[in-house]
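First the structure, in the form of structure tokens, and then the observations on it.
No lab work stands behind these numbers, since they all come straight from the coordinates. Worth saying up front: this structure is predicted, and the values here are computed from it rather than measured. Neighbour counts run over all protein chains shown; Cβ positions are idealised from the backbone, glycine included.
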Amino acid sequence: MGVRAVLIAAVASGQGKTTVTAAMARKLVRAGRRVRVFKCGPDFIDPMVLGRASGAPVESLDLWMVGRERCQRLLAQAAQEVDDILIEGVMGLYDGTPSAADLAREFGVPVLAVIDAGAMAQTAGALVHGLRDYGPVTMAGVIANRVGSAGHATMVKTSLRDIPLLATLPKQSRSLPERHLGLVLPDEVDEVDAILDELADQLVFDDAAWDALPRVEFAPPASEVPVAATLAGKTVAVARDAAFVFVYAANLEVMRRLGAAIVYFSPLADEPVPAEADAVYLPGGYPELHAPRLAEAGIWRASIRAAHADGVPILAECGGMMALADTLDDGGGQWPMAGLLPGHVVVQKRLAGLGPQAMPTPQGTLRGHTFHYSRLESAAPVMAYTGKNPSGAQGEAIYRIGSLTASYFHGYFPSNPEAAAALLSRAVP
């Protein structure tokens with residue numbers, strides 16, 4: 001039977017892919033359809049927005065970081081449970097190695113192209129035909145964003161020739177705000193659900209064209225290889241609050257499969273590392289937006305230093321690492337942090353790191369990515385460097401100080417559960 005599935009892509013970032021995907025998801029859900037949304041490529045914020053719009057968790061799909069087999073497993077499972085699958089692309093359709101187009105072709109998913117029609121009319125046809133034919137990819141249709149009028153929509157539709165105009169979205173009076181790492185987190189936006197409902201209301205959707213799309217069959221994948229419960233009986237304390245929000249749900253799933261119990265605590269609320277913690281995981285987030293509160297959190301700072309002195313494994317990624325430096329300069333002042341990693345973090349306006357990378361470990365490669373605007377000025381010895389994909393060029397520094405492993409690198413634990421377990425385990429004497 002198959003399932004209705006599309007990959008929502010564009011010619012570049014900034015065309016409105018996330019807005020359109022969220023509007024579509026909310027509109028389909030309100031129509032009584034069961035919807036599952038995925039995000040192509042590494043991302044934390046867009047999945048939060050799309051999850052809010054669809055009412056279901058959003059997983060990442062990426063042929064390199066996630067791997068073909070896990071992508072197939074996630075898609076095949078979703079196909080058994082829902083009516084519609086939406087996959088939001090990343091950057092432009094053909095950007096990256098692998099690209100969103102590679103994912104679409106690998107699984108036979110047609111592309112739904114989002115175009116910013118705000119400053120064009122008939123040229124839309126040339127743009128979309130180029131997107132289709134360059135790869136090529138199968139083009140399911142087009143959603144024209146920021147359309148000015150019904151007449152404008154007609155001009156766009158006529159220019160597309162044999163490609164259907166599936167929906168239009170007018171210029172938005174209200175939209176989800178952005179900051180330096182992407183959209184603002186949904187929980188920080190007043191009336192976020194009202195905005196999503198407005199977008200769904202404004203989306204002029206051709207239901208008949210959507211229903212006419214051919215179904216996609218996702219072959220059942222091979223059985224998932226079991227992992228040894230090397231963290232059985234262990235408790236991992238995970239920092240979770242507005243300063244530490246960037247963690248893959250799949251990472252938490254892997255820790256549970258490894259046998260670990262997970263407890264959460266909030267450094268922003270000045271909560272100490274839980275006494276029962278056998279390891280601490282400090283994911284990324286926005287410590288730079290909360291530096292004064294973190295600086296005042298004396299209980300948290302003392303507890304993480306005590307855990308480190310006791311040899312408790314600490315894995316700190318990006319924002320988690322920033323909170324462990326000596327100081328953090330947020331552009332408005334220099335604030336004392338936990339002081340486990342000698343050095344100073346400076347937040348800047350220029351992007352400092354972006355893209356898929358791989359971390360070498362004794363258990364093999366752990367894949368993931370990096371995305372940050374700050375820089376760390378440190379004389380601490382570097383244990384190793386990640387490698388950029390696909391070039392293999394030197395990536396992020398990885399620091400090891402006692403039981404602390406810290407880097408700007410965000411690891412995707414399903415790519416190597418054994419490596420993740422080792423990072424969260426005490427070294428064997």
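Side notes on the structure shown:
- When the square roots of the Cα gyration tensor eigenvalues are ordered a ≥ b ≥ c, the ratio a/c for the range 191-241 is 1.5 or more and a/b does not exceed b/c, which makes its shape oblate.
- Gyration tensor verdict on the range 4-211 (Cα atoms; rounded if a/c is under 1.5, prolate if a/b is larger than b/c, oblate otherwise): rounded
- Taking the chain and dividing mean pair separation by its residue count, relative contact order in percent (alpha carbons under 8 Å, at least six apart): 13 percent
- Distances between placed amide hydrogens fall under 5 Å for ALA5 paired with ILE85, VAL216, all partners being 5 or more residues away or on another chain.
- A simple spin-label model places the labels of LEU354 and ILE262 2.9 nm from each other, with each point 7 Å out along Cα-to-Cβ.
- Relative contact order of the range 323-429, pairs being alpha-carbon contacts under 8 Å that are 6 or more residues apart, as %: 21 percent
- Mean sequence separation of contacting Cα pairs (under 8 Å, at least six apart), scaled by the length of the range 36-110, corresponds to a relative contact order of 34 percent.
- Partners for LYS17 among lysines (Cα-Cα distance below 16 Å; same-chain residues under 8 apart left out): LYS27, LYS39, LYS171
- Whether the range 209-271 is rounded, prolate or oblate, judged on the alpha carbon gyration tensor where a/c under 1.5 counts as rounded: oblate
- Gained length - GLN202 relative to GLN77, 0.36 nm times residue gap less alpha-carbon distance: 41.9 nm
- Share, in percent, of DSSP beta bridges within the range 4-211 that are antiparallel, nearest 5: 10 percent
- Only Lys, Arg (+1) and Asp, Glu (-1) charged, at Cβ; the chain dipole about Cα centre in debye: 640 debye
- Only Lys, Arg, Asp and Glu carry charge here, each on its Cβ (+1 for the first two, -1 for the last two); on that basis the range 4-211 has a dipole of about 380 debye about its Cα centre.
- Burial order of peptide ranges 235-245, 324-334, 348-358 (average beta-carbon count within 10 Å, highest first): 235-245, 324-334, 348-358
- In the elastic network of the chain, a GNM with C-alpha springs shorter than 10 Å, the most mobile of ALA56, ALA275, ALA297 is ALA275.
- DSSP-defined antiparallel bridges as percent of all bridges, the chain, nearest 5: 45 percent
- Of the residues ALA229, MET139, LEU86, the one whose Cα sits farthest towards the positive end of the charge dipole of the chain is MET139 (charges of +1 on Lys and Arg Cβ, -1 on Asp and Glu Cβ, taken about the Cα centre).
- The sum of -39500 (n - 2.57) across all DSSP H runs of n ≥ 4, divided by the residue count of the chain, sets its helix-only mean residue ellipticity at 222 nm to -8000 deg cm²/dmol.
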